[in-house]
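Undergrad: A single structure is presented below for examination.
The values are calculated or read from the model by the stated rules, or taken from the named source; none is laboratory data. All of these numbers come straight from a predicted model, not from anything done at the bench. Every residue, glycine among them, receives a Cβ derived from its backbone with ideal geometry; neighbour counts consider all protein chains shown. When the accessible area is computed, the model is the full protein with side chains, heavy atoms only, and any ligands, DNA or RNA have been set aside. Shrake-Rupley method; radii C 1.70, N 1.55, O 1.52, S 1.80 Å.
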Amino acid sequence: MKRFYISILSAVLASVLMASCELETSGNGKLDGMWHLVGVDTLSTSGVKDTGKDKLYWMFQHDLLQLDDKIGVNKSILLRFKHSGGKLSVHSPYEYDRLEGDEPVTDVKLLAPYGVNALEEEFTVEGLSGGKMTLRSGDLRLRFRKI
């Protein structure tokens, strides 16, 4: 009998939660989600760097891009982004610190490991399908795999 009541309570709770939530979409399509930076090509020198073993992630949701080198840490970098017409522009970076407060990023060196070389930068989206994404800036081609 106890299991019966627990089952009913669980079903009622799930119904209430689903009814109270409003489904919201971002309109980012295939871009939304978590992407692992697996390769960086330097266009001017034809250099290729395999970053597949590095833990460098780009995470897109709504109009925020989070850059993180570890999952679940207190600090990461957040940027605003816009994706349209085959272009991805990023801007307004700040270091997100839950414990000590957010700080604007003024040193581009914090962004460089992720393939971002300016506080405001535009990428051409060369590919975005099949769980793979390729972005190109003036200097770099970034290759990603969706997680």
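Undergrad: Would you pick out the residues in the stretch 33-79 that are of a type in the set (Gly, Ala, Ser) and farther than 16 Å from Arg145 by Cα?
TA: From the stretch 33-79, those of a type in the set (Gly, Ala, Ser) are 33, 39, 44, 46-47, 52, 72, 76; that's our starting set.
Across the stretch 33-79, the qualifying residues are Ser44, Ser46, Gly47, Gly72, Ser76.
Undergrad: Using the structure shown, decide if Lys49 is over 26 Å from Glu122 (Cβ atoms) and modelled with pLDDT of 70 or more.
TA: Values: over 26 Å from Glu122 (Cβ atoms): no; modelled with pLDDT of 70 or more: yes.
No, not satisfied.
Undergrad: Now, a different point. Any chance the stretch 92-101 includes a residue that's out of contact with any strand residue (DSSP E or B) (no Cβ under 6 Å at 6 or more places or on another chain), under 22 Å from Val38 (Cβ atoms) and of a type in the set (A, V, I, L, M)?
TA: Within the stretch 92-101 (the criterion being out of contact with any strand residue (DSSP E or B) (no Cβ under 6 Å at 6 or more places or on another chain), under 22 Å from Val38 (Cβ atoms) and of a type in the set (A, V, I, L, M)), the answer is no, since none of the residues qualifies.
Undergrad: Report those strands (runs of 3 or more DSSP E) wholly inside the stretch 47-147 carrying at least 1 residues which are open to solvent by 30 Å² or more (accessible area, probe 1.4 Å), at negative phi and without any contact (Cβ under 8 Å) to a residue 40 or more places away in the chain.
TA: Passing ranges, in order: 47-50, 57-61, 64-68, 75-84, 87-97, 121-129, 132-136.
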